[in-house]
1. Is one or more of the residues making up the range B:112-125 buried (at least 24 other Cβ atoms within 10 Å of the Cβ), within 13 Å of chain A (Cβ to nearest Cβ), touching a helix residue (DSSP H, G or I) at 6+ places or on another chain (Cβ under 7 Å) and without any contact (Cβ under 8 Å) to a residue 40 or more places away in the chain?
2. Give, as residue ranges, the helices (runs of 4 or more DSSP H) completely inside the range A:11-66 that count at least 1 residues that are of a type outside the set (A, V, I, L, M) and under 23 Å from B:PRO131 (Cα atoms).
3. Got at least one residue in the range A:334-346 being at pLDDT 95 or above, crowded, with 24+ Cβ neighbours inside 10 Å and assigned to a strand (DSSP E or B)?
4. Among the residues that make up the range A:243-250, is at least one of them touching a residue at least 24 places away in the same chain (Cβ under 8 Å), more than 22 Å from A:PRO289 (Cβ to Cβ) and of a type in the set (Gly, Ala, Ser)?
5. Looking at the range A:232-264 only, could you name the residues that are within 12 Å of chain B (Cβ to nearest Cβ) and surrounded by fewer than 24 Cβ atoms within 10 Å (Cβ to Cβ)?
6. Consider B:ASP133 against the criteria (1) surrounded by fewer than 24 Cβ atoms within 10 Å (Cβ to Cβ); (2) in a helix (DSSP H, G or I); (3) out of contact with any Gly (no Cβ under 8 Å at 6 or more places or on another chain); (4) touching a residue at least 24 places away in the same chain (Cβ under 8 Å): it satisfies all of them except one. Which criterion is unmet?
7. Take A:THR147 and tell me if it is in contact (Cβ under 8 Å) with a residue 60 or more places away in the chain, crowded, with 24+ Cβ neighbours inside 10 Å and either within 14 Å of chain B (Cβ to nearest Cβ) or in contact with a His (Cβ under 7 Å, 6 or more places away or on another chain) (or both).
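The values are calculated or read from the model by the stated rules, or taken from the named source; none is laboratory data. Bear in mind the structure is a predicted one, so any value in this text is a computation, not a measurement. When we count neighbours, we look across all protein chains shown, and the Cβ atoms used for this are built from the backbone with ideal geometry, even at glycine.
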Amino acid sequence: MIKSSMQEIHPREVANKGDKENLQKAIGMALEVENDALRLNTQTFNANRYNAIKKLNDYEGLKDRARKIKEKSIENLPELINKLTAAVQSRGGKVYLAKTKEDAAGYVKDVCKSHSAKLVVKAKSITSEEIGLNDSLEKENIEVAETDLAEFILQVSKEQPSHIVAPAIHRSRERISKLFKENFRTAQKLETGEELTKFARDILRQKFLSADVGISGANLIAANEGTILLVESEGNIRLTTQLPAIHIAIAGIEKIIETKKDFGTFIELLAASGTGQQLTTYTNILEPPLNLPVLNLNGRQDTLREFHLVLVDNGRMKMREDRDLYEALYCIRCSACMNVCANFQAVGGHAFGGECYTGGIGGAWTVGTTGKLENGRFAELCTGCSRCIPSCPVQINIPHLNTVIKNRLIKKGEPSLQRKFFGNFSVLARFTSTVPTLSNWAANFYLSKIIFEKVIGFDKRRNIPRFAKSTLTKQYQNYKRDSSIREIESNASTKLILFADVYTNYNNPHIGMAIVKLFEKLGLPVTLSKVMEDGRAAQSQGLIDAAGNSAKRLTRYLLELIADGADLLFAEPSVLSMIRYDYKKFVNDNRLFLKLQNNCYDPMEYLLKIVKEGTLNVDWLKERITNRNIKIFYHGHCQMKSIGIGNSTPDFLEMLGFEVDISIAECCGMAGSFGYKKQYYELSKNVGKDLTKQIRKSQVDGCSIILASGNSCREQIMDELGEEVYHPIEFLHKVIG
Amino acid sequence: MPVQTHVDLVNQFLLSAVDSVATVEKIARTPEALNEALLKEIADEQFVLLSQPDDIDKELFSLFEKNEKVITYPTGEQLKTIRTGITDSFCAVAKTGSVCVSVNKYLTSAISMLTRKHIVVVDSRTIVPRPADLFSENYLEGKGLSKSFSFITGPSATADMGPLVRGVHGPGQIHIIVLD
C-alpha cells in the first residue's frame with residue numbers, strides 16, 4: 001500500500017532533483033511504490049538481453065563497428081547536418097535546425113497551426129519530452145495523443161517517463177488497472193494485460209483515424225540518403241508516420257550517421273541490447289515524404305504528403321566540445337545500461353534520472369540538455385560498479401561520465417566531509433591502524449557511531465570497517481622471518497608479487513596471508529609489494545585529480561616490478577579492475593597500459609591460467625583437497641565481471657570438483673563505500689536483498705559455504721545474513737592440505 | 001562461415017518465422033496453389049483487402065483476385081474496418097523470420113498495418129541471410145537500399161501493460177506464404 005506521506009510526492013515534482021532533499025524523497029518514493037514492478041521488468045529485459053546477444057554471432061564485432069561509426073559521425077557532425085539537409089530537401093521535405101528547445105517546440109507548433117491541426121498523434125520520442133512539446137501544443141489547444149501504450153499510461157497518470165525505452169516500466173499491471181479504472185468511466189473489464197491493451201488500442205485507433213498530423217522521433221538518420229530508422233513493436237510508429245499526410249520527425253542531431261549502409265550494423269544490436277529481441281517487430285526504414293497515397297481517413301482534403309525534420313541542438317554542440325561528456329552523444333538509447341544497473345533496477349528513472357533522460361547515461365544527457373550541472377545530481381546513484389560498460393553497444397564509459405559530474409559538483413563548491421572521508425580512506429587507515437584496538441573499540445561505541453553518522457554521514461546501522469591488529473606488511477615480515485630457515489622449492493618461471501592494497505593491508509591481512517601461504521603450498525613463492533594507494537576510492541567519490549595522481553604513482557611502481565619480470569596478484573577486485581580498465585584514462589602510453597593489463601591478475605584467475613598452460617597439474621591439486629563434497633555459493637564482484645574475469649573463480653572451483661551456485665546479481669549493492677552512506681543505506685540494502693534471497697535458496701539446495709571475491713560484497717552479505725563469507729583463496733587454503 | 005544454400009535459407013526462414021510467432025507455409029509458385037492457400041486462410045472472412053502486387057509477379061494473384069471476397073480498391077470505410085489484409089513483400093530474412101513490406105504507391109503498407117490479420121506472400125528466391133543484408137549492394141541488387149520499407153517480425157506486441165500481449169496497434173496475427 002502507498003503510505004499517505006508518499007501520496008503527496010508526485011514523480012513530476014520529484015523530477016527536478018537539483019537539490020539533495022528532492023533526490024532523497026525520490027529514492028524513498030521509488031523504493032516504496034515502484035520497486036517491485038521496476039525490479040521485475042528491468043530484470044526481465046536484462047535476462048532477455050543476455051539471451052539475445054548470445055544469438056548475435058558477432059556481438060563484439062558489431063559493437064566495435066557501431067562505436068567507430070558513431071565516433072566518426074559526431075566528429076563530422078556539422079558536415080553531416082548539411083548533407084542531410086540537402087538530401088531531405090531534394091525529395092521535397094523540409095529541415096529545421098533548432099538551436100534551443102523553445103525553437104524546436106515553436107517550429108512544430110507553427111507547422112501544426114499552419115495546417116489548422118486540432119489533433120496530433122505522437123509516437124514515443126524522448127527528444128519531444130526534452131523540448132516540452134506537449135505543453136507547447138496544448139497551450140494552442142492542439143490535442144496530443146500519445147500512442148505508445150507506455151506513453152499513453154503516463155499521459156493519463158501525468159507522470160514523467162521512468163525509462164527511455166519503456167517509459168512506464170515502474171507501473172505493475174495492477175497499478176495500471178487501478179489508474180484506468182479511476183480515470184475512465186467504462187463498463188469494460190480492465191484487469192488482464194489483454195483487456196488493458198485492447199481498451200487503450202480502441203481509444204487510440206480512433207485518434208489515429210482522425211489525427212491531422214503525426215509526430216515521431218528517430219532512432220538514426222542517414223545523412224547521405226535522408227533515411228530515417230524507427231524501431232518499435234506496437235505498430236504505432238507506422239500509423240503515426242503513414243496515416244496523416246503531414247509527418248514531423250523530431251530528432252537530436254547526434255542521431256545522424258553518414259549512410260544508411262551502416263543501418264545494418266545497428267538494427268540487430270539495438271534490438272538485442274534494448275528489448276532483447278532479435279529484431280524489433282517493426283523496424284521501419286523510411287525516406288519521407290513517402291510516396292504512398294494520401295489516405296485522408298481523417299476526412300481532410302490533403303493532397304500532398306508533407307515532411308518536416310526538426311533537428312534539435314539544445315546543448316548537443318556544446319556537449320560535443322566537452323572533453324568528457326562528448327561520449328554521451330554516441331548513445332543510441334537502447335537502455336541496456338539501465339536494465340543491467342542494480343541501483344536502477346531498485347529505484348528506476350524517477351529517482352535515478354532527470355526529467356526525461358534516465359539511468360547511468362541520463363546524468364550527462366540531463367546536464368547537457370538542461371545546461372545545469374545540479375540537474376545531474378542523480379549521477380550520485382552511479383556507484384561505478386561498471387556493469388553497464390560491457391553492456392553498452394557503443395562502449396561508452398558511463399561511470400566515467402558520472403564521476404565527472406560528481407567532480408564538477410565538488411569543484412563548484414560542494415565538497416563534503418563524506419566524500420573526503422571515503423575518498424581518502426588510506427589516510428584514515430594509516431592513522432587508525434597505529435592504534436587498532438583503540439579505534440576498533442571506539443568505532444563500535446554507540447556514541448561514536450552517532451558522531452560518525454552526523455559528521456560524515458556514515459550510516460550507524462553499518463559496522464565500521466575493522467582494522468586488523470597487525471597489518472599485512474607486518475604479518476608477512478614475521479612469517480618470512482619464521483620461515484626463512486625452510487627454503488621453498490619454486491617451480492614458477494616468473495616472480496609473483498602480491499600487491500598490498502590499502503584494504504588488504506589494514507583490514508584484511510588474513511586474505512593476503514592466505515594467498516601467500518596457498519601459493520607457497522603450490523610451489524609458487526609470493527613476495528609482497530609496498531603499500532600504495534590505487535585511486536579507486538578517490539575516483540568513486542568524484543575526486544578525479546587525486547585518483548589520477550595515485551594512478552600515475554602506482555603505474556610507475558608496478559611497471560618497474562613488471563620490467564623486473566614479475567606477475568602481480570591482487571586480492572581486491574576493485575583495485576584490479578581500476579588498474580586493468582580505468583587506468584587507461586590516466587596512462588597516456590597505450591603500450592604501457594597493455595603491460596599493466598597483461599601482468600596484473602586476480603589470484604584465482606592466475607591459478608586457472610597456469611592450469612590451462614600446463615604449469616600447474618590439476619589432478620595433483622585435486623588429490624590434496626581434503627573434502628570435495630562441498631557445495632559453494634559464489635558471488636562474483638561486479639567490476640571483475642566487467643573486465644571479463646567473472647567466471648574464472650567458479651570455473652576453477654568446478655575444475656577442482658566442487659559444485660558451485662553462481663550469483664546472478666549484477667552487483668551486491670554495497671559497491672565500495674556507497675552502502676555505508678546514510679542517504680543510500682535503504683537503497684543499498686534493497687539491492688542486497690536480491691542477492692541474499694538467492695543465497696538462501698541455494699542454502700536450501702545444500703550450499704554450505706558462501707564465497708565472494710570483493711571486500712564490500714562480503715560485508716554486505718555478512719550484514720544481511722549474519723554469516724561468514726570468505727574470499728575464494730581463504731577457502732582453497734583451508735581445503736588444500 | 002559456411003555458405004548457405006537456397007534450401008538452407010528457406011528452411012531457416014521457416015523456423016525463424018515460427019519463432020517470431022507467425023504462422024508460415026510453403027507452396028508451389030503457381031496461381032492455383034496461391035489461390036488455394038489464400039482461400040483457406042480467409043475461409044471465415046466476408047471480405048478481405050488485397051494490395052496490388054508490386055514486388056511479386058501479378059500473374060500469380062490473377063486467379064485469387066477474381067474471388068468475390070477480395071477488395072483491391074477499398075473505400076476509406078473499408079480500409080478502416082475490414083479485418084484481414086493480404087500484401088506481397090519484396091524480401092524475407094532467414095535469421096529473424098522477418099518479411100520486408102514496401103512503402104510504395106499502393107496500399108501495401110497501409111493494409112499491412114491497419115488490419116488485424118496480415119497475410120503476406122514472399123518469394124523464396126528473395127530470402128537473405130541476415131537483416132544487415134538489406135543494406136548491401138550484394139543482395140537483391142541493392143533493392144533494400146533504394147526504398148522505404150518495414151521489416152515485420154511477428155505480430156505487433158507490447159509489454160507495457162505488464163505481461164506480453166500480442167496484437168496492439170498492428171495486426172495480432174501474421175501468416176506468411178512462401179512461394180517455392
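1. Yes, the conditions are met somewhere in the range B:112-125.
2. Numbers: elements: A:11-14, A:20-29, A:35-55.
Result: A:35-55.
3. Checking the range A:334-346: not a single residue is at pLDDT 95 or above, crowded, with 24+ Cβ neighbours inside 10 Å and assigned to a strand (DSSP E or B).
4. no
5. A:LEU243, A:THR259, A:LYS260, A:LYS261, A:ASP262, A:GLY264
6. If we test B:ASP133 against (1) surrounded by fewer than 24 Cβ atoms within 10 Å (Cβ to Cβ); (2) in a helix (DSSP H, G or I); (3) out of contact with any Gly (no Cβ under 8 Å at 6 or more places or on another chain); (4) touching a residue at least 24 places away in the same chain (Cβ under 8 Å), just (3) comes out false.
7. Values: in contact (Cβ under 8 Å) with a residue 60 or more places away in the chain: yes; crowded, with 24+ Cβ neighbours inside 10 Å: yes; either within 14 Å of chain B (Cβ to nearest Cβ) or in contact with a His (Cβ under 7 Å, 6 or more places away or on another chain) (or both): yes.
So A:THR147 passes the test.
Residue-by-condition table, conditions (1) over 30 Å from A:ALA346 (Cα atoms); (2) assigned by TED's automatic domain parsing to the domain that holds A:PRO289; (3) in contact with a helix residue (DSSP H, G or I) (Cβ under 7 Å, 6 or more places away or on another chain):
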{"residue": "A:LEU56", "(1), (2), (3)": "no, yes, yes"}
{"residue": "A:GLU60", "(1), (2), (3)": "no, yes, no"}
{"residue": "A:LEU84", "(1), (2), (3)": "yes, yes, no"}
{"residue": "A:SER90", "(1), (2), (3)": "yes, yes, no"}
{"residue": "A:VAL95", "(1), (2), (3)": "yes, yes, yes"}
{"residue": "A:ASP103", "(1), (2), (3)": "yes, yes, no"}
{"residue": "A:CYS112", "(1), (2), (3)": "yes, yes, yes"}
